[in-house]
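> My questions all concern the structure below.
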Amino acid sequence: MKKYNVGIIGYSWAAGAHIEAINKTSLAQVTAICSSRKLDSVEISSKYGGSITCYTDLAQMLADKNLHAVSICSYPADHAKQAIMAAIAGKNLIIEKPLALTWEDCLAIKKAVQKAGVKTCVCFECRYSSQLLTIKNIIDQGLLGKIHYGEVDYYHGIGPWYGQFRWNTKKEAAGSSLLSAGCHAMDALLLCMGSEFESVSSYSAYSANSDFAKYDYPTSSVSIIKFKNGAVGKVASVIDCLQPYYFHFHLVGSEGSLLDNKFYSTKFGSLNKNKWSELSMKMLDSGDVSDHPYQTQFEAFFKAIEEGKEMPLTSLNDALKTHELIFAADKSSEK
């Protein structure tokens, strides 16, 4: 048996990826699932291995003193209430993005977490991808110099062919294009720019394609961000595109530039400035949760719990900065 027992809240598409990733970590295993559907504990235990108790009552699952953490994989509108309940019960938290659909609910989660003193992990797992870890390493080594412009864009057509579409079309369920999916791009930009934002201005639009007609909020948005260090950035969140998934990066600094998996830097005097050099790294090229680096992220989370530290890169405090910017961008777009 591993050291930490984890309960899953919500038995969804994302939950399957969480269960597999948690069970593959060195310190934790899934021992409970709470779903609105009645699940068979014997069948679920056989599917994932180990002994998993299934619940339909969240309070009952949270009352288990042998449960050390929960992973919230339910609908976004339920995240805040469930996170607060789990924090009050003394459980460490893994929360799928978005944290909540309002800034007020995000702050309520923060208050509950601080009062309970539990550890947190928010699923901005792209920060643990090969692509972003490599980009951050290039930035930290000063190969781009001081970055003054950055753009990170998220293109992912979430139409009837995609599982999330079923509920993603409703504002009260998904919030906005940024909250439902483009948040990964906004979060990545904040990581790359290394500065808090000062102001943001956003515009949004709808697609005329009938596949996206069910959306009751704008499915494309673009935001221009001014950072406190003087830099500027841009994030496009486009969930109505008819094209392959594309997570676009372009960073421009005083000593070089990076474009997706290519870069140029004056720090290498022998490089030809008229030709990109290519980076060998796994690209973020799919929205499928099975392709996301959850295992690496969750391993870091349970090691942080073991050491009594806040987890690096994707703690609640890290995620709150991104959500604050997203809510400000959506407010700008609405006005």
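The values are calculated or read from the model by the stated rules, or taken from the named source; none is laboratory data. Worth saying up front: this structure is predicted, and the values here are computed from it rather than measured. Here the Cβ is made from the backbone with ideal geometry for all residues, glycine too, and neighbour counts use every protein chain on show. The area values use the complete protein model at the heavy-atom level, side chains included, leaving out ligands, DNA and RNA. Shrake-Rupley method; radii C 1.70, N 1.55, O 1.52, S 1.80 Å.
> Could you grab the pairs with beta carbons closer than 6 Å, sequence gap of 6+ or different chains, first residue in the stretch 195-210 and small (G, A, S), second one open to solvent by 100 Å² or more (accessible area, probe 1.4 Å)?
S195/K228
> Take the stretch 249-266 and flag every residue that is surrounded by 14 or more Cβ atoms within 10 Å (Cβ to Cβ) and not in a strand (DSSP E or B).
Those that are surrounded by 14 or more Cβ atoms within 10 Å (Cβ to Cβ) and not in a strand (DSSP E or B): E255, D260, N261, T266.
> So, in the stretch 14-67, exactly how many residues are part of a loop (DSSP other than H, G, I, E, B) and among the acidic types (D, E)?
The total comes to 3.
> Looking only at the stretch 188-201, count every residue that is of a type in the set (D, E, K, R) and in a loop (DSSP other than H, G, I, E, B) and tell me the total.
Residues that pass the stated criteria total 1.
> Go through the stretch 139-176 and give me each residue that's buried (at least 20 other Cβ atoms within 10 Å of the Cβ) and more than 22 Å from the chain's Cα centre (by Cα).
L144, I147
> Is it fair to say S74 is part of a loop (DSSP other than H, G, I, E, B) and hydroxyl-bearing (S, T, Y)?
yes
> Output the residues belonging to the stretch 80-117 that are more than 20 Å from the chain's Cα centre (by Cα) and either open to solvent by 60 Å² or more (accessible area, probe 1.4 Å) or under 17 Å from K321 (Cβ atoms) (or both).
M85, I88, K111, Q114, K115
> Residues that are in contact (Cβ under 8 Å) with a residue 24 or more places away in the chain, within 20 Å of M186 (Cβ to Cβ) and among the basic types (K, R): does the stretch 309-323 have at least one?
Taking every residue of the stretch 309-323 in turn, at least one turns out to be in contact (Cβ under 8 Å) with a residue 24 or more places away in the chain, within 20 Å of M186 (Cβ to Cβ) and among the basic types (K, R).
> Based on this model, can you work out whether N272 counts as of a type outside the set (G, A, S) and either in contact with a Ser or Thr (Cβ under 8 Å, 6 or more places away or on another chain) or surrounded by 16 or more Cβ atoms within 10 Å (Cβ to Cβ) (or both)?
For N272, the condition - of a type outside the set (G, A, S) and either in contact with a Ser or Thr (Cβ under 8 Å, 6 or more places away or on another chain) or surrounded by 16 or more Cβ atoms within 10 Å (Cβ to Cβ) (or both) - is not met.
> OK, next. Answer with yes or no whether S204 is more than 18 Å from the chain's Cα centre (by Cα), of a type in the set (S, T, Y) and part of a strand (DSSP E or B).
So S204 passes the test.
> Turning to a different aspect of this structure: Within 16 Å of C121 (Cβ to Cβ) and of a type in the set (A, V, I, L, M): which single residue out of I44, I95 fits that description?
So the residue among I44, I95 that is within 16 Å of C121 (Cβ to Cβ) and of a type in the set (A, V, I, L, M) is I95.
> Taking the stretch 53-79, which residues are of a type in the set (G, A, S) and open to solvent by less than 10 Å² (accessible area, probe 1.4 Å)?
A69, S71 - these are the residues of the stretch 53-79 that are of a type in the set (G, A, S) and open to solvent by less than 10 Å² (accessible area, probe 1.4 Å).
> Look through the stretch 217-237, keep the residues that are within 23 Å of the chain's Cα centre (by Cα) and assigned to a loop (DSSP other than H, G, I, E, B), and return whichever of them is nearest to G157 (Cα to Cα).
Top of the filtered list is T219.
> Could you give me the residue pairs with C-beta distances under 9 Å whose first residue belongs to the stretch 93-117 and is farther than 15 Å from A328 by Cβ, whose second residue is of a type in the set (F, W, Y) and open to solvent by less than 20 Å² (accessible area, probe 1.4 Å) wherever it lies, and which are 6+ apart or on separate chains?
Taking only residues 6 or more apart or on different chains, the pairs are I94/F298; I94/F301; K97/F124.
> Has the stretch 23-38 got any residue that is aliphatic (A, V, I, L, M), surrounded by fewer than 18 Cβ atoms within 10 Å (Cβ to Cβ) and either at positive phi or at pLDDT 95 or above (or both)?
Yes, the conditions are met somewhere in the stretch 23-38.
> Scan the stretch 137-156 and report the pairs whose first residue is over 15 Å from S195 (Cα atoms) and in a loop (DSSP other than H, G, I, E, B) and whose second residue is at pLDDT 95 or above and among the acidic types (D, E), with Cβ atoms within less than 8 Å and a gap of 6+ or a chain change.
Sorted first by the residue in the stretch 137-156, then by its partner, the pairs are G142/E255; L143/E255; L144/E255.
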